[in-house]
Structures are given as structure tokens and as C-alpha cells.
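Structure first, then comments.
The values are calculated or read from the model by the stated rules, or taken from the named source; none is laboratory data. Being a predicted model, the structure only gives us computed values, none of them experimental. Every residue, glycine among them, receives a Cβ derived from its backbone with ideal geometry; neighbour counts consider all protein chains shown. Quick note on the areas: whole protein, heavy atoms, side chains included, nothing else; ligands and nucleic acids left out. Shrake-Rupley method; radii C 1.70, N 1.55, O 1.52, S 1.80 Å.
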Amino acid sequence: MSGKRRLIAIFILLAAITAAAAAFAFNAPLRFAVIDRLTRLGTAKLPEKIDVPTYETSVEDLISDPRISFDQSMMLINTDHPLPEGFIADAAEYKETGVIMNPCAVESFGKLSEEIGERFGEKLYVSSAFRSAKEQLEIIGEEGETAQQVGASEHQAGLGIDVYVMYFAGTGFIKSAPGKWINTNCGDYGFIIRYPYFKRSETGIPYEPWHIRYVGLPHSEIIMRNAMTLEGYIDFLDGGGYYGWQSGGKNWAVSRQSGGVLKIPESFISGKISPDNTGGYILTFEIA
Ligand SMILES: [Zn+2]
């Protein structure tokens, strides 16, 4: 290489480094996502298979057990797995605010909202929670391609909640302290960042720092700690057996099962069953 060519090569390299540094400095979502991902790499920990003695039962019999609750918290909703036609979301009003969401998310959203108030003195607003198929259709008309097709939006199940704080909505949410905190810690409150920055190949959706999705504990902790998507997590569970997870002094056993016969731990404190909208059920048990 001649001296002149070498100089040009060095110049191009320096220009590329400067451009990357500028993108990093000025692109708040990217900056947050890179640091967040590096942090999670250090603490990632997947649940491991556990051996629990089980018995076989049917979904109907399981639901009649007073220790068991049935909800829609673990439904995977995307373009590959749209909601079935005629799907009816469980719906509840959040604290007389007029905001409608899936009842399974109400208590946890209250705690998250309270935490934001205490920590930052800020009110956590909801711009959109439950949307009917008709309302989703109207949004598609307004936003075009960025909105999910009817049936493919978590808002139609009241499980996706779009949040903001004063002056920081949409992508700008990640520039606010509450936004950064929620994108880091919502897993402790039963929520996940449903469309993470680097996971568009799995979700089909670009980063949405404002869209939180209720899945409940301990799934939210596992997903957020391992920087997973809901798609990836349901794939991961697809073994049929039980996975163990410990947090907050509780022992959890979780499993994804399909078919009419379910394998249930012989002894458990409480449990939850949710269809996953891919033909299976996600079973969540608190065990001794
Ligand atoms: Zn949303």
C-alpha cells in the first residue's frame, strides 16, 4: 500500500469510528440498549430442569382446585400467532381511571406505578392499554405499517400497556429516569419490555421502550434477566418438564405443556395456568 492510500484508509477508519461514536452519543435508545445488554450478560441465569414428582390431570379438574387460578397472562400474540377470531379479553378497569386492562395485570401495574411515584415523584401515565379489534383497525388507519394487524396486537388482550411520564412519551420515554428504570427493573413487577432493541429478528417489531407487557412472576424475572423475548422464552420452555426458579424467598416450578393431560406437581402451595396461544399451556406453581 502506498503512503497516500494508507492515509486514506486511516482517514476512512477514523471517520467510521467517529460516526459510530456520534450515533452512540446521540442515540439514547441505542446507548441504553447497549449498556443494558452488557449488564444483563453479566447476570444472565437460565432456569434449570428440576425433578418434581407429578400426577396427571385434566385442565378442567385442575381449574376446579381452589389453589389454582386461570388467566391469560402468558398468551403469545404476534403475526404468527394472532388471537383466535371471536377472542374475548378479560377486562377490568384500573383504579377508576377509565383505563381498561387485563385483570391479571391490575395489581402489578398498581405496584409499578406506586414505585415510580415514590422513587421519582412522577406519575406514570397510560396512553393505551386494552384496545378492541375495532380500535386496533382505526389505529392501523392512522399509523399504517407501524401498527400491528388486527388480532396480532397484545393490546387486544389488555396485556400490553403503553406508558409515559410527563414530557417523555414514545421513544423519548427512554430518555427519562423513570423510563430507564422501568426498562431495567420491570421484570421484578411482573412486566417485560416486549420489543427489546436487539430482538427485532424474533419479535418482528422495532424497540418499543414504552410498551410493557404483563406476564407475571417469575416469568418476567427470567425473561428480563436473560434479555429474552416472549417468543424465545416459550421456545425455551418447550420441553414439557418443569424448570425451577427461586426469587423473593419463593420456589417456583414452571412448565409448558400441551394435550389434554397435564402433569402437575404432587405438592404445591398455589398455581396458575394460562393458555399460551400456540396450542399449549404455561403452568406456574409455587412449591415448598
Ligand atoms: Zn403498545
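Okay, here's what the table says:
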read-out	value
Proximal lysines relative to LYS123, as straight alpha-carbon distance under 19 Å, when same-chain residues fewer than 8 apart are discounted	LYS95, LYS111, LYS175, LYS180
For THR278, residues with placed amide H under 5 Å, excluding near neighbours	LEU76
Accessible area of region 1-43 divided out per residue, in Å², using a probe of 1.4 angstrom	78 Å²
Order of exposure, largest accessible area first, which applies to TRP210, TRP245 with probe 1.4 Å	TRP210, TRP245
Anisotropy class of region 1-43 from Cα gyration tensor, a/c 1.5 cut	oblate
Packing rank of 10-17, 174-181, where each peptide gets the mean count of other beta carbons within 10 Å, highest leading	174-181, 10-17
Region 45-186: C-alpha pair distances exceeding 26 Å, %	39 percent
Cβ-based charge dipole, region 79-214, positive-most Cα from THR79, TRP181, LEU112	TRP181
Euclidean distance of C-alpha centroids, region 268-286 and region 82-107, integer Å	19 Å
For VAL99, distant residues with modelled amide H under 5 Å away	TYR94
Restricting region 165-267 to GluC sites (Glu not before Pro) in coil, as DSSP defines it, with at most 11 other Cβ within 10 Å	GLU266
The chain: DSSP helices with Cα axial extent of at least 27 Å and average Kyte-Doolittle hydropathy no lower than 0.5	3-26
Per residue, in Å², the accessible surface of region 79-214 once ligands and nucleic acids are set aside, probe 1.4 Å	49 Å²
Region 15-53: trypsin sites (Lys or Arg not before Pro) falling in loop per DSSP and having at most 14 other Cβ within 10 Å	LYS45
Phi to ³J(HN,Hα) by Karplus 6.51 cos²θ - 1.76 cosθ + 1.60 over region 85-92, Hz, x for Gly, Pro	4, x, 4, 10, 6, 5, 9, 9
Rounded, prolate or oblate (a/c below 1.5 giving rounded, otherwise prolate when a/b exceeds b/c) for the chain by Cα gyration tensor	prolate
Fraction of accessible area attributable to carbon and sulfur, the chain (%, probe 1.4 Å)	56 percent
Separation of alpha-carbon centers, region 165-196 and region 7-34, rounded to whole Å	25 Å
Computed accessible area, GLU138, all protein chains, 1.4 angstrom probe, square angstrom	90 Å²
